[in-house]
Amino acid sequence: MTTAPAVAWIGLGAIGAPMARALAVAGLPLTAYDLFPAAREAIAEVAATAATAREAVRGADVVAVMVATPAQLDEVLFGEDGIAAELTVETVLLIMSTVGPAAVDAAAARLAPATTRIVDAPVSGGAARAADGDLLVMVGGAEADVAAVRPVLDALASNAPVVGPRPGDGQRFKIVNQLLCGVHIAAAGEALALADAMGLDLRQVHEVLGTGAAASFMFGDRGQRMVDGAFDDVRSALTIFVKDMGLVTETAAQVSQEVPLAASAQDLYRRGSELGWDRRDDSIVYQVLRGGDPEP
């Protein structure tokens, strides 16, 4: 394989689209596909697009999948337009979605008769960092397979460490990452809700506590949106943590590990979902705790 592998990109959502665009800008040959024509049209100025997933995959050296859920990964691989039949022993499947280790393990087992060249590489950093090629990517896979996708990883990430030799090891790292992120967002919301209930000036609370030992990235970032009430400035939708905290608690149960803080945070995200706020920014957990519908 050359240093510039031909890449098929499946999934042009909120983070998949800027990632694909970053690859194209970096000069990698790219053919992109998404279920929605508008998503394909939005990237057509910088990359080739395909009408079907199978069409996108044919002839690719690396097939990168960036979808939202385990069910969507299964559909992409094995559904009616599933790409599994197009994968060869030379193709490297690069799973960049956060779908949990069980989904990657199941996909690898099902694909084993056709190919074992799978690299598991979930990402962290959000859409803005994706556009800048500044993501953290947690990589699991065999050395030769990781080397084959390294040009893709280098174009997308400022840090892409190999965290294990097996597909699924990246997902295990990402589960820990999402536990921390989900709990930190929930803690920021709870702290600011308590401050508001006590009649404190939220802006001052955020400013002062953000300079001390209580500071965290999520308190600084999501806390600012909580103070501003910027719940429709959607940089990370609530639905992502509804899904990801479910993956955290499911994975913990599989290894018989208690995660009481994660379970409590999961309940908070679920409450927001039940209020119909799935597509609003995840900072809206503050409003879940304060009650009432925020201004649209």
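Quick notes on this structure:
- Cut-off 11 Å between beta-carbons: net charge of the residues surrounding residue 149, Lys and Arg +1, Asp and Glu -1: -2
- In this structure the stretch 97-184 gives 38 Å² per residue of accessible area when probed at 1.4 Å with all protein chains present.
- From phi via Karplus (6.51, -1.76, 1.60), per-residue ³J(HN,Hα) for the stretch 201-211 in Hz, x at Gly/Pro: 6, 4, 5, 5, 4, 5, 5, 6, 6, x, 9
- Computed with the Debye formula from one identical point scatterer per Cα of the stretch 100-251, without solvent, the log10 of I(q)/I(0) at q = 0.12, 0.16 Å⁻¹ comes to -0.62, -0.94.
- Nonlocal amide H pairs with residue 30, under 5 Å, H built at 1.01 Å: 7, 48
- Where 172, 58 fall by accessible area, highest first, once all protein chains stay in place (1.4 Å): 58, 172
- For residue 167, neighbours were defined as the other residues whose beta-carbon sits under 10 Å from its Cβ, and their charges (Lys and Arg +1, Asp and Glu -1) total -2.
- Relative contact order (percent, whole number), the stretch 37-104, Cα cutoff 8 Å, 6+ residue spacing: 36 percent
- The mean sequence distance of close C-alpha pairs (under 8 Å, at least 6 residues apart), as a share of the length of the chain, puts its relative contact order at 14 percent.
- For the stretch 76-92, 3J(HN,Hα) per residue [Karplus equation, 6.51 cos²θ - 1.76 cosθ + 1.60, θ = phi - 60°, Hz, x = Gly/Pro]: 4, 7, 10, x, 4, 9, x, 8, 3, 5, 8, 6, 10, 5, 8, 6, 9
- Cubic angstrom per residue, convex hull over Cα atoms of the chain: 135 Å³
- Of the GluC sites (Glu not before Pro) found in the stretch 74-172, those in coil by DSSP whose Cβ has at most 11 other Cβ atoms within 10 Å are 80, 90.
- For the stretch 95-121 and the stretch 40-85, distance of Cα centres in Å: 15 Å
- Over all other residues within a Cβ to Cβ distance under 13 Å of residue 51, the charged ones net out to -1, with Lys and Arg as +1 and Asp and Glu as -1.
- Maximal additional length on extending the residue 198-residue 273 stretch stands at 24.3 nm, based on 0.36 nm per residue less the C-alpha distance.
- Against the main long axis of the alpha-carbon atoms of the chain, helix 101-111 sits at an angle near 10°.
- Rolling a 1.4 Å probe over the protein heavy atoms of the stretch 1-88, with every protein chain left in place, gives an accessible area that is 57 percent carbon and sulfur.
- 3J(HN,Hα) along the stretch 137-146, derived from phi through the Karplus expression 6.51 cos²θ - 1.76 cosθ + 1.60 where θ = phi - 60°, amounts to 10, 9, 10, x, x, 5, 4, 5, 6, 5 Hz, with x in place of Gly and Pro.
- Axis of helix 169-197 versus longest Cα principal axis of the chain: the two differ by about 20°, to the nearest ten degrees.
The values are calculated or read from the model by the stated rules, or taken from the named source; none is laboratory data. Predicted model, so just to flag it, every value in this text is computed and none were measured. Positions of Cβ are backbone-derived with ideal geometry, glycine not excepted, and every protein chain shown enters the neighbour counts. All accessible areas refer to the heavy atoms of the entire protein, side chains included, with ligands and DNA or RNA removed. Shrake-Rupley method; radii C 1.70, N 1.55, O 1.52, S 1.80 Å.
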